[in-house]
Amino acid sequence: MIVGLYRAGNSVLHRMRAGVKLVALALFGTLLLSLPSLWLAASALFLVCLAYAVAGFGLHTLLAQIRPLLIVLAILFAAQIWLADLTAAGLSVARLAALVLAAGLVTLTTRTEDLVGAIHATLSPLERFGVDAGKVSLAISLTLRFIPLVSQVVDEVKEAQAARGSRKPVVTLIVPVIIRLLKSADAIAEAIDARS
């Protein structure tokens, strides 16, 4: 089984079928991008935060989902203020934050194999047109697997550097992390080649 971001629970969102969640996410994203008002986008963001509570996740989990995106949100906010105005900046940030948090909630409440199965079932009719649903599903499952793997590798490299007494800047993490991730990717590629 591919280990993903799923966190076990018994909420309504956990029990909902993966395909329904993916369709709801697509509809939510489409609706979100069409919202003309900052207040509507902020309300959508609030509803997503409320959905985390309904799913049984606390503030820590919510912040962990958005923390990696904070720099992007800050850059987007600054660019929108420069190119447009404060309202446009807030609207863009609220939309992106709501969409990322909603996608995070789907991955937190859905097993990876269920997500991949739903995507495979959705893409199966396209096999008549040359789309290999199996390969696309495999690519998505590997992508989902690499999300927690990257975090794990970064933590391990930080711990190793701290154990050696190194207090170097974060930039020194880049090379060892990339090397470890490339080794993992090679191992996965060899395993896939062996299966086919």
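Read the figures in this text as sums done on the coordinates, not as results from a lab. Given the structure is predicted, the values throughout are model-derived calculations rather than measurements.
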Problem set entry | Kyte-Doolittle at least 0.5, axis length at least 30 Å by Cα - qualifying DSSP helices, the chain | 86-109, 133-163, 174-195
Problem set entry | Relative contact order computed over the chain (Cα-Cα under 8 Å; 6+ residues apart), in percent | 28 percent
Exercise. Under 20 Å from the Cα of residue 21, which aspartates and glutamates turn up, not counting those fewer than eight places away in the same chain?
Worked result: 113, 114
For this session: Assign one of three labels to the chain, namely rounded, prolate or oblate, based on the Cα gyration tensor with a ≥ b ≥ c the square roots of its eigenvalues; rounded applies when a/c is under 1.5, prolate when it is not and a/b is larger than b/c, and oblate otherwise.
Result: oblate
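Quick one: grab the alpha carbon gyration tensor of the range 12-110, order the square roots of its eigenvalues as a ≥ b ≥ c, and give me rounded if a/c is under 1.5, else prolate or oblate depending on whether a/b is larger than b/c.
Prolate is the answer for the range 12-110, as a/c is 1.5 or above and a/b outweighs b/c.
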Seminar exercise, completed: Per-residue ellipticity at 222 nm attributable to helices in the chain (runs of n ≥ 4 DSSP H, -39500 (n - 2.57) apiece, nearest 500 deg cm²/dmol) works out to -25500 deg cm²/dmol
Exercise. In terms of Cα to Cα distance under 13 Å, which aspartates and glutamates are near enough to residue 183, apart from those fewer than 8 places away along the same chain?
Worked result: none
Exercise. Gain in length, residue 12 to residue 26, computed as 0.36 nm per residue apart minus the alpha-carbon separation, to one decimal in nm?
Worked result: 3.2 nm
